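The values are calculated or read from the model by the stated rules, or taken from the named source; none is laboratory data. Since the model is a prediction, treat every value here as computed from it, not as a measurement. Reconstructed Cβ throughout: ideal geometry from the backbone, glycine too, with neighbour counts over all protein chains shown.
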Amino acid sequence: MNHFEYRNGVLYAEDVSLERLAAEVGTPFYCYSTATLERHYNVFADAFSDVRAKICYGVKANSNLAVIRTLAAAGAGADIVSEGELRLALAAGVPADRIVFSGVGKSKSEMAQALDAGIYQFNVESEPELEALSEVASSKGMEAAVAIRVNPDVDAKTHAKISTGKAENKFGIPWSRIRQVYGQAANLPGIRIVGVDVHIGSQITDLAPFEAAYKRIAELALALRQDGHNIERLDLGGGLGIPYRDDVGAPPLPVEYAEMVKRTVGYLDCELVFEPGRMLVGNAGVLVSRIIYMKTGETRTFAIVDAAMNDLLRPSLYEAYHHILPLHEAESDVPLTPVDFVGPICESGDTFAVERPMPPLADGDLVAICSSGAYGAVMSSTYNARPLAPEVLVKKDQYAVVRERPDYEAMMAQHKLPGWFDGPPQDGAA
Ligand code: LLP
């Protein structure tokens, strides 16, 4: 459930008309709903309220400071993968002892900063990383709490680019070496083993792959305990899928996921750590865009909108489906015709939707590209020298621009001409 709905024929985010936002902020822009963020967090947290669990929001899905702050205020911790995300999580008020650090390529300087901040756990993904962390922690006279990420070789049955738990993926330590690596970790200074970590992929819409992975994790936890290790936490990653469209079966509910988790690993009496990203923010955001031109091609009708693949890359990169709603609700009996939604970028891949059945549309109309709260703004770029789209957060009848659209002066000021060009630099280019 989300808080984007038509009121008197116009699409609203909570109590704010998106049409009014378009007039005041300009298009394209991202709009997030506080009530939806809170609702999604609470649904997930409530599903685990009867067990010891930490819900560490996967900040990579949407690292807007106000979004993190909203979730932190609801009780979320953070799963981070970089110094930038560490800084954002701390600045948003996430307590350090609710931050876990994931990722295959943490640098020593990132490790040092996370240790200084006092984070809860490092999820370590390779032997060299383990050694680097041992070196950094022991040189500071500190101990890093470590869970080692295991690659359970399970097919998450999701898009190949977001599947992470197969043997051929770069993530985690291979199943065949994992006990040996725990043995090495136990002998390294500055390393304190606290648990096991796994994450098999994203937008997973079936419980079976999760269950297969978690069963292996439980088996491993028992074996590691037998080997004499302290396994008090299980970090089960993120990955629970969200509904992007109404015409295919809905993914499992958090409560169904939770029931499976408790059945599968509950008997180990570990603290559970979760890293949900998309599930918390995906359907809490839309990308609002204006149709620049309706263009009739030889075989297709194109709506050329002012958002593009640089703003929302998912359709181009993963052939992802995003529902598109006109900001003005169509009459229910109006005939629908197929429309391709494309952006102004000079690539055929700059396409949001192909042959999407739509009511009549005209130049200047506004549309909302739905379910854009996760992996939308965070994956944007300035390709074609387009400014990043601003982000707006709505709370009931209030709104705030929580990341501004950069102006062209700021964009131009980042460019520096080398001294070997003759003559004075042009205004704005220096
Ligand atoms: N934990 C780890 C270690 C991860 O790598 C990820 C996502 C998450 C948690 C959060 O997963 P979620 O709950 O959001 O599924 N850009 C892609 C998704 C990439 C996911 C990367 N890792 C997309 O737009 O679909």
Checklist entry - Only one of Ala353, Ala374 is in contact with a helix residue (DSSP H, G or I) (Cβ under 6 Å, 6 or more places away or on another chain), under 22 Å from Met309 (Cβ atoms) and either outside the structural domain of Val10 (by TED's automatic domain parsing) or hydrophobic (A, V, I, L, M, F, W, C) (or both); which? => result Ala374
Checklist entry - Quick one: is Ala73 within 12 Å of the ligand (Cβ to nearest atom) and either of a type in the set (D, E, K, R) or over 23 Å from Ile173 (Cβ atoms) (or both)? => result no
Checklist entry - When you scan the stretch 1-16, how many residues do you find that are closer than 24 Å to Met279 by Cβ, in contact (Cβ under 8 Å) with a residue 40 or more places away in the chain and in contact with a Leu (Cβ under 9 Å, 6 or more places away or on another chain)? => result 3
Checklist entry - Say we look at the stretch 232-250 and pick out the residues that are among the hydrophobic types (A, V, I, L, M, F, W, C) and touching a residue at least 12 places away in the same chain (Cβ under 8 Å); which of these is farthest from the ligand (Cβ to nearest atom)? => result Leu234
Checklist entry - Can you pull out the strands (runs of 3 or more DSSP E) entirely within the stretch 349-430 that have at least 1 residues that are out of contact with any His (no Cβ under 6 Å at 6 or more places or on another chain), more than 22 Å from Arg278 (Cβ to Cβ) and of a type outside the set (Lys, Arg)? => result 351-358, 366-369, 398-403
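Filter the stretch 165-179 down to residues that are surrounded by 15 or more Cβ atoms within 10 Å (Cβ to Cβ) and out of contact with any strand residue (DSSP E or B) (no Cβ under 8 Å at 6 or more places or on another chain), then give me how many there are. Before you say what the answer is, go through the steps one by one.
First, the residues of the stretch 165-179 that are surrounded by 15 or more Cβ atoms within 10 Å (Cβ to Cβ): 165-166, 169, 171-173, 175, 178-179.
Within this subset, residues satisfying the condition of being out of contact with any strand residue (DSSP E or B) (no Cβ under 8 Å at 6 or more places or on another chain) are 179.
Looking only at that region, the number is 1.
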Checklist entry - Scanning the stretch 191-226 for residues that are of a type in the set (Val, Ile, Thr) and either within 11 Å of the ligand (Cβ to nearest atom) or not in a helix (DSSP H, G or I) (or both), which turns out surrounded by the most Cβ atoms within 10 Å (Cβ to Cβ)? => result Ile200
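Being part of a helix (DSSP H, G or I), in the same structural domain as Val25 (by TED's automatic domain parsing) and not hydrophobic (A, V, I, L, M, F, W, C): is that true of Pro315 here? Step through it out loud before you land on a result.
Numbers: part of a helix (DSSP H, G or I): yes; in the same structural domain as Val25 (by TED's automatic domain parsing): yes; not hydrophobic (A, V, I, L, M, F, W, C): yes.
So Pro315 passes the test.
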Checklist entry - Within the stretch 264-290, how many residues turn out to be under 19 Å from Ser371 (Cβ atoms), more than 16 Å from the ligand (Cβ to nearest atom) and of a type in the set (D, E, K, R)? => result 0
Checklist outcome for this item: Ala96 vs (1) closer than 20 Å to Glu271 by Cβ; (2) buried (at least 20 other Cβ atoms within 10 Å of the Cβ): all pass except (2)
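Pick from the stretch 150-164 the residues that are surrounded by fewer than 16 Cβ atoms within 10 Å (Cβ to Cβ) and out of contact with any Asp or Glu (no Cβ under 7 Å at 6 or more places or on another chain): which of them is farthest from Glu319 (Cα to Cα)?
Quick first cut of the stretch 150-164, residues surrounded by fewer than 16 Cβ atoms within 10 Å (Cβ to Cβ) only: 155, 157, 159-161.
Next, from what is left, pick out any that are out of contact with any Asp or Glu (no Cβ under 7 Å at 6 or more places or on another chain): 155, 159-161.
On the way: Asp155: 20, His159: 9, Ala160: 11, Lys161: 11 Å.
Restricting to residues being surrounded by fewer than 16 Cβ atoms within 10 Å (Cβ to Cβ) and out of contact with any Asp or Glu (no Cβ under 7 Å at 6 or more places or on another chain), the top hit is Asp155.
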Checklist entry - Would you call His229 in a loop (DSSP other than H, G, I, E, B), within 16 Å of the ligand (Cβ to nearest atom) and closer than 26 Å to Arg98 by Cα? => result no
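When the residues of the stretch 259-283 are filtered to those that are small (Gly, Ala, Ser) and in a helix (DSSP H, G or I), which remaining residue is farthest from the chain's Cα centre (by Cα)?
Here is the first cut: in the stretch 259-283, the ones small (Gly, Ala, Ser) are 266, 277, 282.
Imposing the further condition that a residue be in a helix (DSSP H, G or I) reduces the set to 266, 282.
Details: Gly266: 27, Gly282: 8 Å.
This residue is Gly266.
Answer yes if at least one residue in the stretch 284-296 is assigned to a loop (DSSP other than H, G, I, E, B) and over 25 Å from the mean Cα position of the chain (by Cα), and no otherwise. Outline the logic, then answer.
First, pick out the residues of the stretch 284-296 that are assigned to a loop (DSSP other than H, G, I, E, B): none.
The answer is no; no qualifying residue exists.
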Checklist outcome for this item: Ala167 fails exactly one of (1) at negative phi; (2) in a loop (DSSP other than H, G, I, E, B); (3) within 16 Å of the ligand (Cβ to nearest atom), namely (3)
Next on the checklist: Only one of Phe29, Phe44 is in contact with a Ser or Thr (Cβ under 9 Å, 6 or more places away or on another chain), crowded, with 22+ Cβ neighbours inside 10 Å, touching a residue at least 12 places away in the same chain (Cβ under 8 Å) and not polar (S, T, N, Q). Can you tell me which?
Outcome noted: Phe29
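Restricting attention to the stretch 132-149, does a residue exist that is within 16 Å of the ligand (Cβ to nearest atom), among the β-branched types (Val, Ile, Thr) and touching a residue at least 12 places away in the same chain (Cβ under 8 Å)? Before you say what the answer is, go through the steps one by one.
If we filter the stretch 132-149 for residues that are within 16 Å of the ligand (Cβ to nearest atom), which is where we start, we get 146-149.
If we keep only those that are among the β-branched types (Val, Ile, Thr) too, we end up with 146, 148.
Applying the additional criterion that residues be touching a residue at least 12 places away in the same chain (Cβ under 8 Å) yields 146, 148.
Scanning the stretch 132-149, I find at least one residue that is within 16 Å of the ligand (Cβ to nearest atom), among the β-branched types (Val, Ile, Thr) and touching a residue at least 12 places away in the same chain (Cβ under 8 Å), so the answer is yes.
Quick check on my filter: what residues within the stretch 4-14 are part of a loop (DSSP other than H, G, I, E, B) and either in contact with a His (Cβ under 9 Å, 6 or more places away or on another chain) or not assigned by TED's automatic domain parsing to the domain that holds Pro406 (or both)? I'd like the intermediate steps shown before the answer.
Here is the first cut: in the stretch 4-14, the ones part of a loop (DSSP other than H, G, I, E, B) are 8-9, 14.
Answer for the stretch 4-14, where residues must be part of a loop (DSSP other than H, G, I, E, B) and either in contact with a His (Cβ under 9 Å, 6 or more places away or on another chain) or not assigned by TED's automatic domain parsing to the domain that holds Pro406 (or both): Gly9, Glu14.
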Checklist outcome for this item: A careful count of residues in the stretch 117-145 that are surrounded by fewer than 24 Cβ atoms within 10 Å (Cβ to Cβ) and part of a strand (DSSP E or B) gives 1
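Looking only at strands (runs of 3 or more DSSP E) that lie completely in the stretch 24-116, which have at least 1 residues being aromatic (Phe, Trp, Tyr), at pLDDT 95 or above and farther than 30 Å from Ala308 by Cα?
Numbers: elements: 29-33, 53-58, 77-80, 99-101.
Counting at least 1 such residues, we get 99-101.
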